[in-house]
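Read the figures in this text as sums done on the coordinates, not as results from a lab. Note that the coordinates shown come from a computational prediction; the quantities given were computed from them, not determined experimentally. Cβ placement follows ideal geometry from the backbone for every residue including glycine, while neighbour counts extend to all protein chains displayed.
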Amino acid sequence: MIIAWTESLDIGNDRNILGGMKTFRDMMLIIIVASLIGAVTNTIRNSTALGGLPWRTPWPDNREMKALDIPPSYQPGDSLLSLEEAYTLFLGRKAVFIDAREPAEYEEGHIQGAINLPFEQWDDYWESAKPHLSPDTETVAYCEGLDCEVSLFLARELKQLGYEKAYIFFGGWLKWKEAGLPIETGNAEGHAKE
């Protein structure tokens, strides 16, 4: 009788183990199927052809971003950029940087590749700057530093002329130089007064 009882215990344990394995297998199958359905749904919904995001989207690390400096005469609609955002556009090599300072200041040093369009001499420089600009291209206007707002006025003027992607890098030249970002000196060919 004791032997029959222990044999029935072993059979019961085998059934419990087999039942537990079946439950675990079913759970894993549900997880795999749900993951596949989620991946297919996200692929379709986030298809870049449909305006969605790619699987590996490079998001900027904004943990180190500092507060945005606001010009005293800021108005809603002014598109301000932080140093980090301006540098990201610089690295992308698609934006045109516009130095709104006087030619002598520009020649002493400016953001690498920037064109000179002194706001105070707009009429004298506009025709030479215009071929470098396009309404579809992002433009980044900057001037001397936090005491200078001519970049703000230049960007507003560009927006009135149909250049909707005109941004203001307030703090401009001084912030860029202090950060040790690429600069150059002299008067770049094609950017002088005509």
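The gain in end-to-end length when the Ile44 to Arg25 segment is fully stretched comes to 4.0 nm, 0.36 nm per residue minus the alpha carbon separation.
Would you please state which residues of the range 141-171 a label at Asn187 would reach in this model, taking the label point 7 Å out along Cα→Cβ and a backbone N cut-off of under 19 Å? Backbone N within reach: none found.
Estimated at 0.36 nm per residue, the fully extended path between Ala179 and Gln75 surpasses their Cα-Cα distance by 34.7 nm.
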